Each structure stands twice: as C-alpha cells, then as structure tokens.
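The next block holds one structure in the form of structure tokens; read it before the comments.
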Amino acid sequence: MWSLYNMAEKLPPVRVRFAPSPTGRTHLGSGRTALYNYLLARQTGGQFILRIEDTDQKRYVPEAEQELIESLRWLGLQWDEGPDVGGPYGPYRQSERKEIYLEYAKQLIARDKAYYCFCTPERLARLREQQIQNKQPTMYDGLCRRLTPEDALRRIKQGEPYVIRFKTPKEGLITVRDYLRGEITVENRTIDDYILVKSDGWAVYHLAAMVDDQLMRITHVLRSSEWLSTFPLHAHIIRAFGWQEPVFVHLSVFLKPSGKGKMSKRDSAQLLQDGYSIYIKDLEQLGYLPEAVVNWIALMGWSYDDKTEFFTMQDLIEKFSLDHLNPSPAAINFTKFDHFNGLHIRHLSVEDLARRIKPFLVRAGFEVDDQKLLQITPVIQERLVTLDDAVELAGFFFREHLEYEPTLLIGKDMTAAQSLKALQESYQLLSGLDFNDKEHLEAALRSLAEQMGIKAGQLFGILRIAVTGKSVSPPLIESMIILGKEKVMEWLQTAIKRLATLVQANA
RNA sequence: GCCCCCAUCGUCUAGCGGCCCAGGACAUAGCCCUCUCAAGGCUAAAACACGAGUUCGAAUCUCGUUGGGGGCACCA
C-alpha cells in the first residue's frame with residue numbers, strides 16, 4: 001500500500017456522488033458515506049452529486065426521499081447537482097433514465113458482452129435448490145448464454161419475457177483496485193452472469209450505477225463495503241464498455257454497539273428506549289446537534305492524527321483525507337456520541353444555544369421569555385449532554401409551583417426542626433438583601449450558616465430544594481438571582497410551611 | 001456451503017521495519033477543584049488474536065490458524 005500513500009495530498013477537483021435508494025430510513029452509515037463524499041468535493045473544489053437510485057418500484061417508499069433530503073440538509077450537506085437542484089448531467093433520478101440503461105445494455109449485447117435470457121423464475125429457483133443440495137455455488141448455469149442472436153430475437157418477437165444478463169468471462173482472473181485495500185484478484189468463474197435488465201425493463205444497480213457514474217463523469221466512488229463482493233463484476237462491466245474506472249473506495253460498515261453484526265430492526269427499537277437512534281432524523285428530536293453527529297461519524301473510520309478529536313465541518317473539509325480511512329468495521333459507540341454532543345454544546349455561543357434549547361422548552365409546555373432564557377442558558381450550558389436535558393435542568397425557572405417531597409428539606413445530618421430554623425433565618429436574611437449582587441448574597445448566606453453552626457453546603461442544600469425543587473440544580477445563588485427575589489421569597493415561604501407541617505406532625 | 005474483506009485497550013483509534021516494555025479519546029476507578037450536579041485538572045487500570053517465517057531488528061512484511069464482518073436475488 002506504499003504507492004497509495006501520500007497520493008491524495010492535493011487532489012484535483014473531484015466529482016463524487018451519494019447514491020442512495022429510497023427504500024427506507026436514512027441512517028448513520030448513509031450519513032457518513034454522504035459526508036465523506038461531500039468533504040472530498042468541498043476540499044478539492046469539485047462537485048457533490050445526489051443521485052436517487054429508485055429502479056426498484058417494488059421497494060420504493062415515497063416518504064424515504066423526503067426524509068433523506070431533510071437528514072442530509074440537517075447535517076449541513078449541500079449538493080451541487082441533484083433531483084431537487086438540477087444540474088448539467090441530469091436527470092438525477094434513475095427512474096427517469098430507464099431508456100438510457102436499456103440503450104447501453106443493447107450496446108453490450110452488440111459487443112457480445114451481454115445476452116438475452118428467457119429462463120423463468122421457476123427454473124432459476126429449481127436450479128438454485130439443486131445447487132444448494134449439491135453444495136455447489138448458486139449461480140446461473142448459462143443455458144441462454146448459448147442461444148444464437150437469431151434465436152433470441154425470434155423468441156423476443158414471439159413475446160417471450162426476457163432479462164438481459166452480463167456475459168461474464170468464465171476463465172482467467174480479474175484484478176481490481178480498492179483505494180484502501182489495494183489490489184483484489186478473483187477468479188472470473190466465481191462471478192455470476194448477473195442480470196443487468198429485469199423482465200420489467202428496468203436496469204438493476206450493477207448496470208445503472210456504472211452507466212450513470214460514467215455519464216455523470218464521476219471520478220471517485222466512495223460507497224459502502226457491502227459492494228466489495230460485486231466490485232469485480234462492476235469492473236468487468238466498465239471495461240466491457242471500454243470506459244476508464246473511477247477510483248473506488250469501499251467504506252467500512254457500522255456494527256451495532258456490541259460489535260456483533262449489523263443493526264437490526266429490533267436493535268433499533270431497543271436503542272430508542274435508551275434515548276438513541278441510528279436514524280438521523282430522530283437525532284434532532286433527541287436533542288443532538290448536527291455538529292456533534294458530523295464530528296462523531298467522521299471519526300468512525302477516519303482519523304486525523306493521534307490526538308485531535310474535535311472537528312467542525314470547516315475543519316473536516318480542510319483535514320479530511322482518503323489516506324487515513326480505516327477499512328475495518330466499527331462498532332457504533334453512543335456513549336462517545338454523548339461526549340461529542342456535550343463538547344459541541346459547550347462550544348456554542350450563548351445566543352445560539354438558547355435558540356436551540358427553546359423548542360424543547362416550548363414543547364415541554366413552558367412559556368419561554370427570550371430575555372430570561374438568555375440568562376438561564378449560561379448556567380446550564382456545561383451541564384447539558386443533550387438539548388432536551390434543559391427541560392429537566394431548567395424547568396423550575398418556568399414553573400409556577402414546585403413539587404417535591406418535604407422530607408428533602410431536611411439538611412444533611414440535621415433534624416427537621418434545625419432545617420426549619422435555617423429556612424426561617426434565610427427568609428429573614430434574604431428579605432433584606434438586594435438580589436443583584438451575587439457576591440454579597442453568597443457571603444451573607446455563608447455567614448448565616450456559620451452563625452448557625454452548620455456548613456454552607458448544608459444550608460445551600462436546603463435552599464436548593466426550596467427554590468429549585470431538586471437536589472441537583474444549576475448553582476444556587478445564580479439560580480436565585482435569575483428567579484428573582486419575589487419568586488424566591490414566595491417559594492421559601494412555601495418551603496417553611498411544608499417543613500413546619502412536617503415538624504408538627506412529628507412532634 | 002461458496003466468494004470477498006477485516007483483525008492494536010471494553011469501544012473509537014494513532015502506528016506505514018528501529019522514535020513503541022505501544023500514544024490519544026470515550027467509558028470505568030481514585031484524587032483535586034467545589035453549594036449539588038456538571039465542566040475542568042491529575043492519576044490508575046486496560047490492547048498489538050494465535051503460530052510459523054523474513055530481518056541485525058516486526059504491532060508494522062509473508063504464510064497459516066482462529067475469530068469477526070460483508071456478499072451469494074428479475075434488491076440496492
């Protein structure tokens with residue numbers, strides 16, 4: 001792999017594409033493939049193309065394309081050419097290119113590189129069954145390969161259904177080059193006579209993608225490594241046309257967190273229970289930042305050096321390189337995702353973060369005042385892992401009443417009566433203080449604790465429950481200032497009543 | 001079953017023949033800071049799958065074994 005090294009230090013402008021099929025939801029693996037393509041295009045000043053591979057009408061899911069576009073845009077990827085933005089090499093939806101593929105398939109037949117096949121699905125099923133029984137590889141047996149062109153044409157005229165198959169050489173070897181793995185050589189006899197055009201007249205991936213990549217002047221193909229096994233076939237098809245092959249880069253697959261296999265539907269459901277999802281569209285709702293998603297997936301299969309891990313999209317555009325791609329499969333690590341999300345949340349400006357938190361607060365039913373939110377945001381910023389944590393962490397700022405277990409008002413290593421006294425003394429003290437001076441407020445409360453012979457932590461703990469309703473909260477003094485004197489005094493009063501009731505009941 | 005790919009701490013990874021009794025990050029544990037929780041700082045534990053070669057020297061090159069992953073459709 002020596003010779004491959006340092007090759008891409010400065011690449012000329014590339015034309016790359018992301019070519020998904022709208023058959024399901026857009027997940028992290030697709031997101032990463034799209035991202036790497038995008039990065040390479042931006043870095044080299046080339047073009048990033050979105051192409052919809054919808055040649056299979058049976059599996060077509062109408063909502064899938066919309067979700068795909070929304071997911072990619074949310075991540076911050078823009079394409080230069082695509083079904084929605086047009087471009088000089090369109091159309092960019094394969095369902096609008098049916099005739100093109102047919103034309104190229106016929107060209108292959110004319111060159112004796114493909115042939116018509118009239119075998120019925122039933123015969124093929126029987127054949128496969130037999131081969132499995134005999135422990136042979138399941139491949140087409142080449143029956144129609146031996147048909148003369150005249151015979152084939154006659155049968156077509158008679159209205160017999162047919163497919164077009166690739167005439168794979170049956171002897172010799174083929175060597176293909178994957179950018180990450182180097183040369184891969186396989187025996188031609190292990191490559192099937194794959195169907196290029198189905199009986200309904202639609203091309204399958206193997207033909208359509210190769211034709212489009214050629215016609216759209218694609219220079220680099222970054223695709224999932226599940227294509228590795230049909231890669232030699234693809235090279236055969238390209239060479240049969242006499243075209244030049246683009247650079248192929250097969251990206252490693254994502255494994256489930258355990259590292260045991262790909263994500264299944266069941267795994268995805270379980271994941272959602274834990275507040276995670278492999279579907280990009282879900283991540284926004286779950287409180288994740290697109291910046292964090294991009295940073296995280298970029299680093300699954302690619303690395304910059306032995307220490308740098310924080311990357312913005314701009315950083316990635318500058319630093320991404322094909323040479324540091326890792327060919328081995330990677331287990332998805334959501335814990336690290338949380339880490340990146342926190343990192344990017346802390347990296348945001350207060351205004352930006354406030355703007356992103358707001359929808360979560362509103363959805364929780366709070367009436368959110370922007371000025372107040374701007375005050376709250378800094379005290380919760382470094383405590384957020386996901387944006388929706390704001391509801392739990394800052395909810396008390398927006399509530400009219402606090403609900404909590406009155407016994408929580410009893411300070412650590414203190415009696416209920418002592419705690420009640422602390423609350424009452426605090427009320428007295430605070431009622432005479434100005435809530436604008438943080439230092440003074442804190443100093444006053446600390447000296448109160450000292451006078452009462454308790455630790456500041458004990459007093460703060462009691463007050464924390466009284467004014468936030470929780471034992472875990474943003475810093476107490478700041479919280480009180482944001483709440484405002486009026487509300488703090490009211491809630492202290494409430495707390496005193498609640499604790500007094502408790503003390504009386506125990507007496 | 002057949003074909004292909006991959007193999008460094010639990011996980012993501014650095015490593016491109018001597019810089020490595022293997023570096024970083026997440027997670028874990030401890031300590032510091034501290035009004036709680038975080039954030040931050042410090043420390044600890046934690047890996048070259050195994051076996052043969054090649055070489056003065058191998059995590060790095062070769063072969064084999066084992067393990068893992070992907071594919072074997074008129075899906076993409």
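The values are calculated or read from the model by the stated rules, or taken from the named source; none is laboratory data. None of the values given here were measured: they were computed from a predicted structure. Don't worry about glycine lacking a Cβ; one is built from the backbone with ideal geometry, like all the others, and counts go over all protein chains shown. Protein only, heavy atoms only, side chains kept; ligands, DNA and RNA dropped before computing areas. Shrake-Rupley method; radii C 1.70, N 1.55, O 1.52, S 1.80 Å.
How tilted is helix A:28-44 with respect to the longest principal axis of chain A? Cα atoms for both, answer in degrees (0 to 90, nearest 10). Roughly 80 degrees, rounded to the nearest 10.
Could you give the angle, 0 to 90 degrees to the nearest 10, between helix A:350-363's Cα long axis and the longest principal axis of the Cα atoms of chain A? Long axis of A:350-363 versus the principal axis of chain A: about 90 degrees. Look at where the Cα atoms of segment A:439-460 and of segment A:61-132 average out, and the two centres are 72 Å apart. Largest to smallest in accessible area, the residues A:247, A:294 fall in the order A:247, A:294 (1.4 Å probe, all protein chains included). Taking the 1.4 Å solvent-accessible surface of segment A:384-486 as the whole, the part contributed by carbon and sulfur is 49%. Measuring only protein heavy atoms, the 1.4 Å probe finds residue A:119 accessible over about 20 Å². The residues of chain A expose on average 49 square angstrom of accessible surface per residue, using a 1.4 Å probe on protein heavy atoms. Let me check I've understood the local charge: for residue A:67, count other residues with C-beta under 9 angstrom from its C-beta, Lys and Arg +1, Asp and Glu -1. What total comes out? Around residue A:67, the charge tally is -1.
Charge tally around residue A:457: other residues with Cβ under 14 Å, Lys/Arg +1 each, Asp/Glu -1 each, net +1. For segment A:106-114, putting each phi into the Karplus relation 6.51 cos²θ - 1.76 cosθ + 1.60 with θ = phi - 60° gives couplings of 5, 4, 5, 4, 4, 8, 6, 10, 8 Hz, in residue order, rounded to whole numbers and with x for Gly and Pro. Cross-link partners of residue A:260 among lysines, defined as those whose alpha carbon lies under 23 angstrom from its own and excluding same-chain residues fewer than eight positions apart: A:336. Here segment A:138-254 is assigned +1 on the Cβ of each Lys and Arg and -1 on the Cβ of each Asp and Glu. Its dipole about the Cα centre then comes out at about 220 debye. What the Cα atoms of chain A give is an Rg and a Dmax of 32.3, 108 Å. Rolling a 1.4 Å probe over the protein heavy atoms of segment A:58-137, with every protein chain left in place, gives an accessible area that is 49 percent carbon and sulfur.
Helix A:456-468 and the longest principal axis of the C-alpha atoms of chain A enclose an angle of approximately 70°. Mean separation of Cα pairs under 8 Å and 6 or more residues apart, divided by the residue count, gives segment A:376-507 a relative contact order of 35 percent. With the helix formula -39500 (n - 2.57) applied to DSSP H stretches of n ≥ 4, chain A reaches a computed 222 nm mean residue ellipticity of -14500 deg cm²/dmol. For segment A:303-400, what log10 I(q)/I(0) values come out of the Debye formula at q = 0.12, 0.20, 0.22 1/Å, with one point per alpha carbon and no solvent? For segment A:303-400 at q = 0.12, 0.20, 0.22 Å⁻¹, log10 I(q)/I(0) is -0.52, -0.98, -1.11. What spacing in nm lies between the two simple spin-label points modelled at residue A:119 and residue A:444, each 7 Å away from Cα in the Cβ direction? Roughly 9.0 nm, to one decimal.
Applying D = kT/(6 pi eta Rh) to segment A:82-121, where Rh is the Kirkwood radius over alpha-carbon pairs, T corresponds to 4 °C and eta to 1.567 mPa s, the Stokes-Einstein value obtained is 106 µm²/s. Only Cα pairs under 8 Å and 6+ residues apart enter the sum, and on that basis the relative contact order of chain A stands at 12 percent. Only lysine pairs 8 or more places apart or on separate chains count here, and in segment A:425-500 those with Cα atoms under 20 Å apart total 9. Within chain A, the cysteines lacking any other cysteine Cβ closer than 4.7 Å to their own Cβ are A:119. How big is the antiparallel share of DSSP beta bridges in chain A, given as a percent to the nearest 5? Of the beta bridges lying entirely in chain A, close to 50 percent run antiparallel.
Applying a DSSP loop filter and a limit of 16 other Cβ atoms within 10 Å to the trypsin sites (Lys or Arg not before Pro) in segment A:260-295 leaves A:260, A:262.
The Cα atoms of segment A:380-507 cover 45, 32, 25 Å along the three principal axes, with the biggest extent listed first. Need one number: the % of Cα-Cα pairs in segment A:1-149 sitting beyond the 25 Å mark. Above the 25 Å cut-off, segment A:1-149 has 53 percent of its Cα pairs.
For segment A:184-259, which whole-number percentage of the solvent-accessible area (1.4 Å probe, protein heavy atoms only) is attributable to carbon and sulfur atoms? Carbon and sulfur atoms account for 52 percent of the accessible area of segment A:184-259.
Normalising the average separation of contacting C-alpha pairs (under 8 angstrom, six or more residues apart) by the number of residues puts the relative contact order of segment A:1-159 at 18 percent. Full extension of the segment from residue A:132 to residue A:85, taken as 0.36 nm per residue of separation minus the current Cα-Cα distance, would add 12.1 nm.
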